[in-house]
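Data block below; observations after.
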Amino acid sequence: MNFEQIKGILFDAAKQAGLTEYDVYYQLSTDVSADALNREPNAFSFGTEGGVTFRCALEGKIGAASTQCIEQEELVALVPRAMANASLVDADEEPIFYAPDQETTYGQVSAVCEPLPEAAVLRRVANDLQSDIYAATPLAADGTETAAGAAEVTVSLANARGLSLSHTASMRYAYAEAVINADGEPSFGVATTGNLDDTAEIAKKAVCDALARLGGKPVKTGKYSVVFSAKQVRALFSTFGGIFSGKAAMQGLSLLKGKEGTTVASPLLTVYDDPFYEGNTMQMPFDAEGVPTYKKALIEGGVLKTLLYDLTTAKKTGNVSTGNAGRASYASPVSIRSYCRYIAGGDATLDELFATMQNGLYITEMKGLHAGCDAVTGDFSIECAGFLIKEGKKETPVKAFTVAGNFFELMKNIARVGAEVEGGRCGFSMSAAPALLVKDLSVAGESE
C-alpha cells in the first residue's frame, strides 16, 4: 500500500469521525550492511522498518496513534485510538498544524538518491578493507573490524490543511577500525567514508591513526592551549548541540536562553544549520511538521542569531518556526533537531594552527563524552589522547590526561579556526567542522 492510499483511508476515517484538524506521518527505512572481522566475513544484515502515525486535535489537545501494520482495518482503527489518547493528554499545548499558502516554497535537494547496493558489493568492500589493512602493516592484530552499508529512508506527510509531501533520501558508508599490536602495546585507528570505492585510502587512514597512537606518554598537569581535531570538534559540538534548542531554552535547560542577538562566542566562530549541506546525501526539504527547511546561521561572527524552533515552541516563545521539527522514527513525538550543524572553515591549515599555538596539545581522541559533560551548565571533564605540540611542531603522542572546562567559555576562547571542514556520517542529522585552536584549558595529567 502506498502513501496516497494510506492517506486516503485515514482522511476518510477522520472526516467520518468529525475531525477537522489532523495529519498523517509515514516513514519507511531500509538498511543493509556487511562486516568482516580478522580477515574473514563476519555478518550480513538487511532490514526494513516503518509505519504510520495519525495525529488529531480534539478539544484543544493533540492525540496520536501509530502502527506498523499497513492494512485498512488497522489504519481505520488509528483514528479512534488517537481521539481516545487526546483525552488523556495533560500537556497545555495548543494544537498547531502547518498550513501552506501560495507563497510556500521548498528548497531544492541537490543530492541524488542512489539505489541500495547489492549484497555482494557490500561484502566485497568489507573484505577489501580487511585485506588493505593487513597489507598496510604487519602489526595488524585480532579485533580489526571493517564494514560497509547503505540506507534508504522515505518520509511522507499530509494534513487536513492541504499539505501533502514526500521525500526519499539515501546514504552509503564504509568503516574501518584497525587494531594493531606492537611488542605487547595495543592501539587502534578508525576511518570512515561515504564512498564505497576508496577502500585503500580508508584502510591507510585507519592504520596511520593506530600507528600514531603508539608510545603515548602522560603530560604534566597545567593550563594548555589546545587544538581539537575536526573529528573531536564534531563530537564536542554534537554533545552540546541541545543548547541550540528553543524548547530547551524555554524549559530553562540552555544557558543561551534570551541571548539571541548578543555575543556568545569568539568572533571567529560561525555555526550554521543547513538541511542542504553539500556533503550530506540525506538532505531534507521539509521538517516533520511540513514547514520548509532552510540554511540558517546559529552563531555568526560570535553573535547568537537564532535558536531552533518547531511550530509549538515558536508560538510559545513569540518566534517563528525555523523548520527544525523532527521525529526519531515514525512513532516518535515531534521534537527539535538540527540537520547538518557545521562550523564554517577559517584560514589555517593544521600546521598553521600548531604554529600559532607554539606549545600545547593536539587532541585526537576523547572518551566518555556524555558521562563527562553537563549539557545544561556546559561543564566538561573528558579523558583525552593526542599529541604534544612543541615549538609549533607535532611531537610525541600523549594519553590518559583529562581536559576540563566549560563549553560556553570554550566558544569564547577560540583563537583560530582551521580551513578544512570535515563531515561525519551522512544522515537527516549530522555534523561537520574544522579543527579549532582554543586557549587556556585545564589539563589534569602527571603531577610535577
What do you reckon, is Ala200 touching a residue at least 24 places away in the same chain (Cβ under 8 Å) and surrounded by 17 or more Cβ atoms within 10 Å (Cβ to Cβ)?
no
Counting only residues in the stretch 143-180 that are surrounded by fewer than 18 Cβ atoms within 10 Å (Cβ to Cβ) and among the β-branched types (Val, Ile, Thr), the one farthest from Asp31 (Cα to Cα) is identified as Thr168
Enumerate the strands (runs of 3 or more DSSP E) found wholly within the stretch 1-80, keeping only those where 3 or more residues are among the β-branched types (Val, Ile, Thr) and at pLDDT 95 or above.
22-37
Condition check for Gly51: open to solvent by less than 70 Å² (accessible area, probe 1.4 Å), more than 22 Å from Thr313 (Cα to Cα) and small (Gly, Ala, Ser)
yes
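To keep it simple, each residue is scored yes or no on (1) in contact with a Ser or Thr (Cβ under 6 Å, 6 or more places away or on another chain); (2) closer than 30 Å to Met282 by Cβ.
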residue	(1), (2)
Thr377	no, no
Glu383	yes, no
Lys393	no, no
Pro397	no, no
Val403	no, no
Gly423	no, yes
Phe428	no, yes
All conditions in (1) in contact with an Asp or Glu (Cβ under 7 Å, 6 or more places away or on another chain); (2) surrounded by 20 or more Cβ atoms within 10 Å (Cβ to Cβ); (3) over 30 Å from Phe276 (Cβ atoms); (4) among the aliphatic types (A, V, I, L, M) are true of Ala140 except (1)
Condition test on Thr168, is it in contact (Cβ under 8 Å) with a residue 60 or more places away in the chain, in a strand (DSSP E or B), over 25 Å from Ala371 (Cα atoms) and of a type in the set (Val, Ile, Thr)?
no
Is it fair to say Ser225 is buried (at least 18 other Cβ atoms within 10 Å of the Cβ) and in contact with a Lys or Arg (Cβ under 9 Å, 6 or more places away or on another chain)?
yes
Condition broken by Gly346, with the remaining ones in (1) open to solvent by 60 Å² or more (accessible area, probe 1.4 Å); (2) touching a Lys or Arg at 6+ places or on another chain (Cβ under 8 Å); (3) in a loop (DSSP other than H, G, I, E, B) satisfied
(1)
Test: Tyr339 is modelled with pLDDT of 95 or more and surrounded by 17 or more Cβ atoms within 10 Å (Cβ to Cβ)
yes
Flagged in the stretch 283-307 as open to solvent by 10 Å² or more (accessible area, probe 1.4 Å), over 18 Å from Phe428 (Cβ atoms) and touching a Pro at 6+ places or on another chain (Cβ under 9 Å), in numbering order, are Gly301, Val303
For Glu446, state whether it is of a type in the set (D, E, K, R), farther than 30 Å from Ala169 by Cβ, at pLDDT below 95 and open to solvent by 30 Å² or more (accessible area, probe 1.4 Å).
yes
Checked pairs for the stretch 80-102, first farther than 11 Å from Leu58 by Cα, second charged (D, E, K, R) and not in a helix (DSSP H, G or I), C-beta under 6 Å and 6 or more apart or across chains, list as Phe97/Glu21; Phe97/Asp23; Phe97/Arg161; Tyr98/Glu289; Ala99/Arg161
In the stretch 92-110, is there at least one residue being part of a strand (DSSP E or B) and of a type in the set (Phe, Trp, Tyr)?
no
Selection over the stretch 124-137 where residues are surrounded by fewer than 19 Cβ atoms within 10 Å (Cβ to Cβ) and not polar (S, T, N, Q) yields a count of 3
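The values are calculated or read from the model by the stated rules, or taken from the named source; none is laboratory data. The shown structure was predicted, so the numbers you read here are calculated from the model rather than taken from an experiment. So basically every Cβ, Gly included, is an ideal-geometry build from the backbone, and we count neighbours across all protein chains shown. Accessible surface is based on the protein model in full, side chains and every heavy atom, while ligands, DNA and RNA are left aside. Shrake-Rupley method; radii C 1.70, N 1.55, O 1.52, S 1.80 Å.
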